[in-house]
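Visitor: First the structure, then my questions, so here it is.
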Amino acid sequence: MAQILIVEDEERIASFVAKGLRAEGHQPTISPDGPSGLDEALSGRYDLMVLDIGLPGMDGFEVLDQLRSQGSRMPVIILTARDSVTDTVTGLDAGADDYMAKPFRFAELMARVRLRLRTASGGDGAAFEDELVVRGIRLDRRTRRVSTPAGDEELSAREFTLAEMFFLNPGQVLTREQLLDHVWGYDFDPGSNVVDVYVGYLRKKLGVDAIATVRGVGYRLNT
Ligand code: CA
């Protein structure tokens, strides 16, 4: 579990990112403007910051610049508008570790968050466990493979992100909406049956009994 600071003035994006981070077991905090974001960032309480560039009060470049000039080495992932190459280059020059172009999919942001937390913790530590095990099924987060008594299977990126959410919340009912938001992103049609289709794929690889259907609500990884 990591403490993650989200500095973002667009409420919809901030709460979407926060919700997803919480589902992954992290503790997110939102700052809606530059000055409060910088204050929070300098508190030393956070493991990583997700930083928007266009912010009221003080833009993301200045937040980053002040943070680095005060000696903080906290990993920073900046959010830029799509096609804004200048923003990206300036951000990386100013000391950002990574960037995401908006609009982004949640799974892509999570992949970067995981990478940055791992790098910051020297490749081990409490922030990240390489292997998740539930009822004898092993999910390897480095290789994206599952091992069951019936054998090993490779998961696609989407299958992995879905499986990981189940393994991080074993025995808990996850709603279709939670799964859709987390794996496919907020821009996906909520009427789609894509979650059901992918749960079907996972059952083929994890075993038919691994994931239970909770009628009218969603799914649960059996423990
Ligand atoms: Ca903004």
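Visitor: Tell me, what HN-Hα J-couplings in whole Hz come from the Karplus equation 6.51 cos²θ - 1.76 cosθ + 1.60 at θ = phi - 60° for each residue of segment 146-160, using x for Gly and Pro?
Guide: Taking θ as phi minus 60°, the curve returns 10, 10, 10, x, 7, x, 9, 9, 9, 9, 6, 4, 5, 4, 5 Hz for segment 146-160.
Visitor: Rounded to the nearest 0.05, what FRET efficiency is calculated for K102 and R158 with R0 set to 30 Å and r the Cβ-Cβ distance? Numbers along the way, then the final one.
Guide: Values: r = 21 Å, r/R0 = 0.69.
Once the sixth-power term is evaluated, E becomes 0.90.
Visitor: Among the trypsin sites (Lys or Arg not before Pro) in segment 1-101, which ones are in a DSSP loop with at most 16 other Cβ atoms within 10 Å of the Cβ? Mind listing them?
Guide: Numbers: sites: R12, K19, R22, R45, R68, R73, R82; in loops: R45, R73, R82.
Passing sites in segment 1-101 are R45, R73, R82.
Visitor: Quick one: what are the phi-derived ³J(HN,Hα) couplings along segment 103-115, Karplus 6.51/-1.76/1.60 with θ = phi - 60°, whole Hz, x for glycine and proline?
Guide: Karplus-based 3J(HN,Hα) across segment 103-115 equals x, 10, 8, 4, 4, 5, 5, 4, 4, 6, 4, 4, 4 Hz.
Visitor: Keeping the other protein chains in place, figure out the carbon and sulfur percent of the accessible area of the chain, with a 1.4 Å probe. Write down the numbers at each step before the final one.
Guide: Details: 4900 of 10570 Å².
Taking all protein chains in place, the chain shows 46 percent carbon and sulfur surface.
Visitor: Please list the non-local residues whose amide H lies under 5 Å from the amide H of M100, H modeled 1.01 Å from N, same-chain partners needing a gap of 5 or more.
Guide: Under 5 Å from the amide H of M100: I78, L79, T80.
Visitor: Rule-of-thumb check for segment 131-221: C-alpha Rg over 2.2 N^0.38 Å?
Guide: On the way: Rg = 12.4 Å, N = 91, 2.2 N^0.38 = 12.2 Å.
Output field value: 1.01.
Visitor: Amide H to amide H under 5 Å from I30: which residues, 5+ apart in sequence or cross-chain, H placed 1.01 Å off N in plane?
Guide: Counting only residues 5 or more places away or on other chains, the set is I6.
Visitor: Only helical DSSP H runs with n ≥ 4 go in: add -39500 (n - 2.57) per run for the chain, normalise by residue count and round the 222 nm mean residue ellipticity to 500 deg cm²/dmol.
Guide: Details: 8 runs with 90 residues, N = 223.
Value at 222 nm, helices only: -12500 deg cm²/dmol.
Visitor: Take every Cα pair under 8 Å in the chain that's 6+ residues apart, average their separations, divide by the length, and report that relative contact order as a whole percent.
Guide: Values: 357 pairs, mean separation 32.3, N = 223.
With pairs under 8 Å counted, the relative contact order is 14 percent.
Visitor: Heavy-atom accessible area per residue, the chain, 1.4 Å probe: how many Å²?
Guide: On the way: 10570 Å² over 223 residues.
Value returned for the chain: 47 Å² of accessible area per residue.
Visitor: Highest first, please rank the peptides 113-120, 135-142 by the mean number of other Cβ atoms sitting within 10 Å of their residues. Intermediate values should be presented prior to the final figure.
Guide: Values: 113-120: 18.2, 135-142: 15.2.
The packing order, highest mean first, is 113-120, 135-142.
Visitor: With θ taken as phi - 60° and the coefficients 6.51, -1.76 and 1.60, list the Karplus ³J(HN,Hα) couplings across segment 166-175 in order, rounded to whole Hz; mark glycine and proline as x.
Guide: Along segment 166-175, the couplings run 5, 5, 7, 10, x, x, 9, 6, 10, 6 Hz.
The values are calculated or read from the model by the stated rules, or taken from the named source; none is laboratory data. Predicted model, so just to flag it, every value in this text is computed and none were measured. Please note: Cβ atoms are built from the backbone with ideal geometry, for glycine as well, and neighbour counts cover all protein chains shown. Surface areas here come from the heavy atoms of the whole protein model, side chains and all, with no ligands, DNA or RNA. Shrake-Rupley method; radii C 1.70, N 1.55, O 1.52, S 1.80 Å.
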